[in-house]
Amino acid sequence: MNNVLEKWRGGLIVSCQAPTNSPLARPEIIAAFAETAEQNGAVGVRIDAPENVSAVKAQIKIPVLGIYKIIYDQSEVYITPTFDAAREISEAGADVIALDATFRPRPNDEKIENIVRQIKSELHKPIAADIATFDEGLHTEEIGFDMIITTLSGYTENTKHIIKPDFELVEKLAKRLSTPVICEGRLSSADDVRRAFDCGAFAVVVGNAITGIDRLVQKFAAAAPATVKTSIRYI
């Protein structure tokens, strides 16, 4: 784990993802995104789904932060929601496994504490906690997560009022915890990245501002007189 952390310290991790029904949602294209990120200075990439992780690992040398988005009807948790999802990501080659570590109920009533113990004892991979609140950050350090990421601030019921990067959360967690805190969520400029580090971030994750081609096209198309409706779905 220390090797991964040293590679990520003070650096940029690029989230290389695409909406499920986008033409970009192909392993070879996700791998090309990741390779481009590596060639241009990224220290890591965040990749969704086993097939994409496998394709990316075959192309790059920088560490892969792996997730597996799975939708369940009975739970709002979909980022690596179960131990089985974590195992599949690990077997695909992820160097670090990230999972939703909010207080929300998980599919099949799995407990986050049990998943953490199982990953450590069976998969032997570093674990990153995607959290939304300060209390969740405190809890994840207590139960053994190796790094904490502010991914879900603004995307849960009790944080949906947050529409900008949650620099306050990063700063509060960085001051309180010994676990590395990584800033993710709505970073859209170089100034945002600099501010995140000023607030104590160990590293930053940027996704849509770099690899969100579908969203970028929609944004610019919406400003044009002839606007075409899109069928792209985001989760």
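No lab work stands behind these numbers, since they all come straight from the coordinates. Model, not experiment: these values are computed from the prediction. Using ideal geometry, Cβ is built from the backbone for each residue, glycine included, and neighbour counts are taken over all protein chains shown.
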The ³J(HN,Hα) series, computed from each phi in the stretch 52-62 with the Karplus coefficients 6.51, -1.76 and 1.60 at θ = phi - 60°, rounded to the nearest Hz and given as x for glycine or proline, is 6, 4, 4, 5, 5, 4, 6, 10, 10, 10, 6
Taking the alpha-carbon centre of each part, the distance from the stretch 1-80 to the stretch 156-191 in Å is 20
Through the Karplus equation 6.51 cos²θ - 1.76 cosθ + 1.60, θ set to phi - 60°, convert the phi angles of the stretch 39-49 into ³J(HN,Hα) values in whole Hz; use x for Gly and Pro. 5, 10, x, 5, 9, x, 9, 10, 10, 9, 5
Around K160: net Lys/Arg minus Asp/Glu count, Cβ-Cβ under 14 Å: 0
By the C-alpha gyration tensor axes a ≥ b ≥ c (rounded if a/c is under 1.5, else prolate when a/b exceeds b/c, else oblate), the shape of the stretch 152-212 is oblate
Where both partners of a DSSP beta bridge lie in the chain, what percent of those bridges are antiparallel, to the nearest 5? 10
Place a point 7 Å from the Cα of Q218 along the Cα-to-Cβ direction; which residues of the stretch 156-178 have their backbone N under 18 Å from it? 156, 163-164
Read-out volume of the Cα convex hull per residue in Å³, candidates (i) 181; (ii) 164; (iii) 126; calculated match is (iii)
Output row, site E35, 7 Å Cα→C-beta label point, backbone N cut-off 19 Å, window the stretch 64-85, residues 64-65
List residues of the stretch 203-225, by number, whose backbone nitrogen lies under 17 Å from a label position 7 Å along Cα→C-beta of S188. 205-224
Please identify every one of the trypsin sites (Lys or Arg not before Pro) in the stretch 72-129 that sits in a loop by DSSP and has no more than 14 other beta carbons within 10 Å of its own beta carbon. K111
If each DSSP helix of 4+ residues adds -39,500 (n - 2.57) and the sum is divided by the residues in the chain, what number results at 222 nm, nearest 500 deg cm²/dmol? -10500 deg cm²/dmol
Gain upon complete extension [R117, E157; 0.36 nm per residue less C-alpha separation]: 11.7 nm
